[in-house]
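One structure is given here, and the rest of the page talks about it.
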C-alpha cells in the first residue's frame, strides 16, 4: 500500500457526545495534505486515533495498511508533532532526542542531524523549560524527523513561530512531500494552507465535508464576485437585481461600490452601458480558500460570535 494514511468509518464517542462521526478519508504520499475544521470539529481526536493514542469507538485508522501500534519502533514509520509543550522541561534538547533515538533503534548521529535541520544546534544543551514556544515547535519537528519516517503528521506546527520560522516550516513541508513522504498538516491558518497544502481534508462536527485539492475546494465553496464602482450605485443595484444578480454594498457608507454575484462582469458592463450608468471600477474577484471554508463549515461551527450553538 505504501506510506498511506487510511481512515475508514472512524467514530469516537465520549459519553453522549460524538467527537468523530463515521469519518473516512485517505492521505497519500508525495503531497502536503491539509486538515481543516472549526474548533471542536474533531481534528485532534482524529490525529490521536491515527497514532493509537485514543481507541476508536468504531471504525479503523491504518498507516501503510496496518494500525500504527503494530509498527515496531514507531518513529521509523511515523513522525508526529501533536503538542510541542509535552516534553520534560528539565532535559536538554539533545538529551530528549537521544533518549528517543535509543528507544527506537535510531543511530545517535540522527540527533545532531535533526537539531541542525531545525536550527537548534546552538541550544542543544539548554534545558527545554527555557525554550520559547517557537523553539519548542522546532524541537517537536526535530522529534518527528528523527526516525526519517515516510509518514509525518503535524498539529498546528507554526503556533509561536516568527515570520522566518513560518517560511522555514513551509519550505520544509514542501520538500518532505517532494521526497515522496506523506505529510498531513493540521492548521487553522488559511494563508498557510493556501501556500503549503496540495490537498485538503475538511471536517465539521466530526464529519467529512470535503476531501479534494485546495483549488477545487476554494472554487466549490464560493462563487466569484465582481466589484463594481459607480457614482449611481443605488440605480445600478436596482438594474442588476432585476437581471437576477445578488448585490451587496461594499465598504463604508457612501463608498459607491457594489459586490455583485450571479452574473459575469461583461454582462454587468453591458447593463450599465444600456442604462447610461458610468462605471469607475469593474473587477472580478476569484474565490478564496478562507471564504470557502467559512461558507462550507458555517453549519458545523460549535460557537458563533455572541451565540452558542
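Since every read-out is calculated from the coordinates, none of them should be taken as a lab result. Because the structure is a prediction, the values reported are computed rather than measured. Methodologically, a virtual Cβ is constructed for each residue, glycine included, from the backbone with ideal geometry; neighbour enumeration extends over all protein chains shown.
Tabulated results
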{"read-out": "Rg to Rh quotient for the range 24-173, alpha carbon positions, Kirkwood Rh", "value": "0.96"}
{"read-out": "Length released on extending from residue 133 to residue 242, taking residue separation times 0.36 nm less the Cα-Cα span", "value": "33.7 nm"}
{"read-out": "Expected 222 nm ellipticity per residue - DSSP helices of 4 or more, -39500 (n - 2.57), all of the chain, to 500", "value": "-9500 deg cm²/dmol"}
{"read-out": "More than 22 angstrom apart: percent of Cα pairs within the range 144-219", "value": "25"}
{"read-out": "Cα coordinate range in the range 74-122, projected on the principal axes (Å, largest first)", "value": "24, 22, 18"}
{"read-out": "Spin-label model distance (nm) - residue 57 vs residue 232, 7 Å beyond Cα toward Cβ", "value": "6.1"}
{"read-out": "Rg(Cα)/(2.2 N^0.38 Å) for the range 223-286, N = residue count", "value": "0.95"}
{"read-out": "Estimated inter-spin distance, residue 281 and residue 103, nm [label 7 Å along Cα→Cβ]", "value": "5.7"}
{"read-out": "Folded to 0 to 90 degrees: helix 233-242 orientation relative to the chain principal axis, Cα", "value": "90"}
{"read-out": "Between 0 and 90°, nearest 10: helix 133-145 axis offset from the chain longest Cα axis", "value": "60"}
{"read-out": "Stretchable slack from residue 121 to residue 17, in nm (0.36 nm times residue separation minus alpha-carbon distance)", "value": "33.0 nm"}
{"read-out": "Radius ratio Rg over Rh of the chain, counting only Cα atoms, Kirkwood formula for Rh", "value": "1.10"}
{"read-out": "The chain: most fluctuating residue of 155, 21, 299 per GNM, C-alpha cutoff 10 Å", "value": "299"}
{"read-out": "Stretch gain in nm, segment residue 76-residue 159, where the contour uses 0.36 nm per residue and the Cα spacing is subtracted", "value": "27.3 nm"}
{"read-out": "FRET efficiency, residue 83 to residue 189 (Cβ-Cβ, R0 22 Å, nearest 0.05)", "value": "0.80"}
{"read-out": "Approximate spin-label separation residue 261-residue 28, in nm, with each point projected 7 Å along Cα-to-Cβ", "value": "3.1"}
{"read-out": "Beta bridges by DSSP in the chain, antiparallel share as percent, to the nearest 5", "value": "65"}
{"read-out": "Using alpha-carbon coordinates, inclination of helix 93-103 to the longest axis of the chain, degrees", "value": "70"}
